[in-house]
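Undergrad: Quick one: the structure is below, questions incoming.
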Amino acid sequence: MSAVLTVAPLADADIADVIVLWQRCGLVRPWNDPEADIALARQNANADILLGRAGDVIAASVLVGHDGHRGWVYYVSVDPEYQRKDFGRAIMAAAEDWLRARGIEKMQLMVRADNTQVQAFYESLGFGEQKRIVYAKWLDGRELTP
Ligand SMILES: CC(C)(COP(=O)(O)OP(=O)(O)OC[C@H]1O[C@@H](n2cnc3c(N)ncnc32)[C@H](O)[C@@H]1OP(=O)(O)O)[C@@H](O)C(=O)NCCC(=O)NCCS
């Protein structure tokens, strides 16, 4: 039987712990400031960060948002000590519900090409690969990061 994950939006007191979670999951890149990412997501009505707690421990998280057309998720994470207990499935279900409640019909996400093991996770949740080329540009003019 699956352990219970209780999902709720991130509160101020959770910020330090969720950054540790993202670091433990290998999701923090040198060019991304997680504290700034959290602040920006929380100041916009079209985004939020959902946390999953197993008891008192923050075991899972997702940054979910939409651009007025499609829904996106970032920082999908389950603490290594809690993986393979369906917590990833549960936090993604909460993100899907968050988007459905706002009238969004399609969820999209990007996976780094070297993150091969996560592909089985998303496929088990019903996601399929879409043949698209993703273009990106930093708006402050700096060189594109990998
Ligand atoms: C990806 C991640 C969120 C999955 O979380 P999780 O709680 O372990 O996933 P679940 O237990 O909900 O798994 C659901 C299903 O996905 C598949 N799956 C999950 N992890 C898998 C893995 N490492 N290898 C193969 N299949 C996997 C399985 O089918 C699994 O069902 P099963 O356990 O009954 O076999 C977690 O591994 C993680 O945080 N990874 C590091 C961060 C990361 O890469 N995030 C995604 C960035 S795009």
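The values are calculated or read from the model by the stated rules, or taken from the named source; none is laboratory data. The structure presented is a predicted model; accordingly, all values stated were derived computationally and were not measured. Every residue, glycine as well, gets a Cβ built from its backbone with ideal geometry; the counts of neighbours run over all protein chains shown. In case anyone asks, the SASA skips ligands and DNA or RNA and just uses the protein heavy atoms, side chains included. Shrake-Rupley method; radii C 1.70, N 1.55, O 1.52, S 1.80 Å.
Undergrad: About the Cα centre, and with charges only on the beta carbon of Lys, Arg (+1) and Asp, Glu (-1), how big is the dipole of the chain? Nearest 20 debye, please. Let's see the in-between values first.
TA: Numbers: 16 positive and 20 negative charges, 102 e Å.
Computed charge dipole of the chain: roughly 480 debye.
Undergrad: Per residue of the range 92-99, in order, report the coupling 6.51 cos²θ - 1.76 cosθ + 1.60 (Karplus, θ = phi - 60°) as ³J(HN,Hα) in whole Hz, putting x for Gly and Pro.
TA: Result, rounded to whole Hz: 5, 5, 5, 5, 4, 4, 4, 6.
Undergrad: Which percent of the accessible heavy-atom area of the range 6-124 goes to carbon and sulfur, probe 1.4 angstrom?
TA: Values: 3170 of 6720 Å².
Answer for the range 6-124: carbon and sulfur cover 47 percent of the accessible area.
Undergrad: Related question: Along the charge dipole of the range 6-124, pointing to its positive end and built from +1/-1 on Cβ of Lys, Arg, Asp and Glu, which listed residue (Phe121, Leu27, Ala41) has its Cα farthest out?
TA: Among Phe121, Leu27, Ala41, the one farthest towards the positive end of the dipole of the range 6-124 is Phe121.
Undergrad: Based on alpha-carbon atoms only, what is the radius of gyration of the range 10-146 relative to the globular estimate 2.2 N^0.38 Å? Before the final figure, lay out the partial values.
TA: Numbers: Rg = 14.9 Å, N = 137, 2.2 N^0.38 = 14.3 Å.
So the range 10-146 has a normalised radius of gyration of 1.04.
Undergrad: Once both labels are modelled 7 Å past Cα along the beta-carbon direction, what's the Lys131-His69 spacing in nm?
TA: Taking the two extended label points, one gets 2.1 nm.
Undergrad: What is the distance in Å between the Cα centroid of the range 82-139 and that of the range 12-42?
TA: 18
Undergrad: When N counts the residues of the range 1-72, how does its alpha-carbon radius of gyration compare numerically with 2.2 N^0.38 Å, as a ratio?
TA: Normalised Rg, Cα atoms only: 1.14.
Undergrad: Sticking with this one: For Val7, enumerate residues with amide H under 5 Å from its amide H, sequence gap 5+ or separate chain, H modeled in the peptide plane.
TA: HN-HN under 5 Å from Val7: Arg53.
Undergrad: I've got another one for you. Explain nothing, just compute: Karplus ³J(HN,Hα) = 6.51 cos²θ - 1.76 cosθ + 1.60, θ = phi - 60°, for every residue of the range 104-120 in order, whole Hz, x for Gly and Pro.
TA: Once rounded to whole Hz, the list reads 8, 9, 9, 9, 10, 7, 10, 10, 5, 4, 7, 8, 6, 5, 6, 4, 5.
Undergrad: With labels modelled as points extended 7 Å from the Cα through the Cβ direction, what inter-label distance (nm, one decimal) is found for Asp48 paired with Ser124?
TA: Output for this residue pair reads 2.7 nm.
Undergrad: Using only DSSP helix segments of four residues or longer, with each worth -39500 (n - 2.57), what per-residue ellipticity at 222 nm results for the chain after dividing by its residue count and rounding to 500? Mind showing how you got there, number by number?
TA: Numbers: 4 runs with 42 residues, N = 146.
When only DSSP H runs of four or more count, the value is -8500 deg cm²/dmol.
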